Amino acid sequence: MPQTASIFEIHDDRFRHLIVGSAGLDELYGECRWAEGPVWFADLNCLVWSDIPNQRMLRWADGTVSVFREPSNFVNGNTRDRQGRLVSCEHGGRRVTRTEIDGSITVLADSYEGKKLNSPNDVVVRSDGSVWFTDPTYGIKSDYEGYRAEPEQATRNVYRLDPQTGVLAAVVTDFGQPNGLAFSPDETKLYVADSASSHDISAPRHIRVFDIIEGTRLSAGREFCSLDNGLPDGFRVDIAGNIWTSAGDGVHCFAPDGTLLGKILVPQTVANLTFGGPRRNRLFITATRSLYSVYLATTGAALG
Ligand code: MG
């Protein structure tokens, strides 16, 4: 039986070195409809995240929440590139955009092979400037978190946008619904969640891992871990390569070898999370209506 201590459920002793046992779960905001896409701005000491159905992005800074962008065009996942620019997945525009330092918006990708993307969900930027994102159909299934439409793509792909040529390549095409994604700390591996069990209970609830080949292609991939509660949506990696993933009962932490180390129990379904704070040791968690945070004894591996 796992031992439960406060908000933490310890499945492996290694987890004890990653958490602060006395730390609590702080609810920072509770008025979202579906909170997603948290991204940390260390230079501004603030968190920006998406409230998808409410068509807005919010900002948390020093305990105060304000509107960052409204309407948001149903922005979902967010990250920052190596120049610090905000990169976002828009359900409404069915595109990936970059917000420039003057506030203007550049479209990075909105079609593949001449057809509209489904509804980009989550995005990461590698240190070589390449932009990797997932394209499931959640944002076009209804008018709740985007605009209902028939998919033009035959598959739900993971894409890589080349920073030099601007060419968009489908790097994986056999996902049910690709969702969150993150690199290993050394950027030799890419982890991608499959959340297809949201609409198909027989679908796997797993994160797959792929080797990155020559910076541009992926190996065949294999199952990295499977969740025992809920499904994996967004996730992040810490400096030791542990995976901190959203799940039905909170946040699950997996070692690089795929072992479940422990859980952070959260009272609402978690969609995504990111590391932030001045020491990058604070995990910000978007969970349905609320934004939560918890201090940890580890730090995030990458920007965003
Ligand atoms: Mg997602």
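We did not get these values from a lab; they are worked out from the coordinates using the rules stated. All values reported here derive from a predicted model rather than from experimental measurement. So basically every Cβ, Gly included, is an ideal-geometry build from the backbone, and we count neighbours across all protein chains shown.
What the table below lists for this structure:
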quantity: Test: residue in region 113-121 that is closer than 18 Å to Leu190 by Cβ and of a type outside the set (Gly, Ala, Ser); calculated: yes
quantity: Those residues of region 149-165 which are assigned to a strand (DSSP E or B) and closer than 16 Å to Pro136 by Cβ, in sequence order; calculated: Arg156, Asn157, Val158, Tyr159
quantity: Hits in region 52-90 (condition: buried (at least 23 other Cβ atoms within 10 Å of the Cβ) and closer than 13 Å to Leu28 by Cβ); calculated: Leu58
quantity: Neighbours by Cβ (under 6 Å, 6+ apart or cross-chain): first from region 174-192, buried (at least 17 other Cβ atoms within 10 Å of the Cβ); second polar (S, T, N, Q); calculated: Gln177/Ser195; Pro178/Thr134; Asn179/Asn121; Asn179/Thr134; Asn179/Ser195; Leu181/Thr134
quantity: Candidates Arg98, Arg59, Arg94, filtered to the one that is of a type in the set (Lys, Arg) and either touching a Gly at 6+ places or on another chain (Cβ under 7 Å) or touching a residue at least 40 places away in the same chain (Cβ under 8 Å) (or both); calculated: Arg94
quantity: Those residues of region 245-304 which are in a loop (DSSP other than H, G, I, E, B), over 17 Å from Leu28 (Cα atoms) and free of Cβ contacts under 8 Å to residues at least 60 places away in the same chain, in sequence order; calculated: Gly248, Asp249, Asp257, Gly258, Arg279
quantity: Subset of region 177-203 (residues that are more than 27 Å from Val107 (Cβ to Cβ), within 16 Å of the ligand (Cβ to nearest atom) and in a loop (DSSP other than H, G, I, E, B)); calculated: His199, Ala203
quantity: Pro163 vs. criteria out of contact with any strand residue (DSSP E or B) (no Cβ under 8 Å at 6 or more places or on another chain), free of Cβ contacts under 8 Å to residues at least 40 places away in the same chain and of a type outside the set (D, E, K, R); calculated: no
quantity: Residues that are more than 14 Å from the ligand (Cβ to nearest atom), out of contact with any strand residue (DSSP E or B) (no Cβ under 8 Å at 6 or more places or on another chain), in a loop (DSSP other than H, G, I, E, B) and touching a residue at least 12 places away in the same chain (Cβ under 8 Å), drawn from region 102-148; calculated: Ser127, Asp128, Gly129, Tyr144, Tyr147
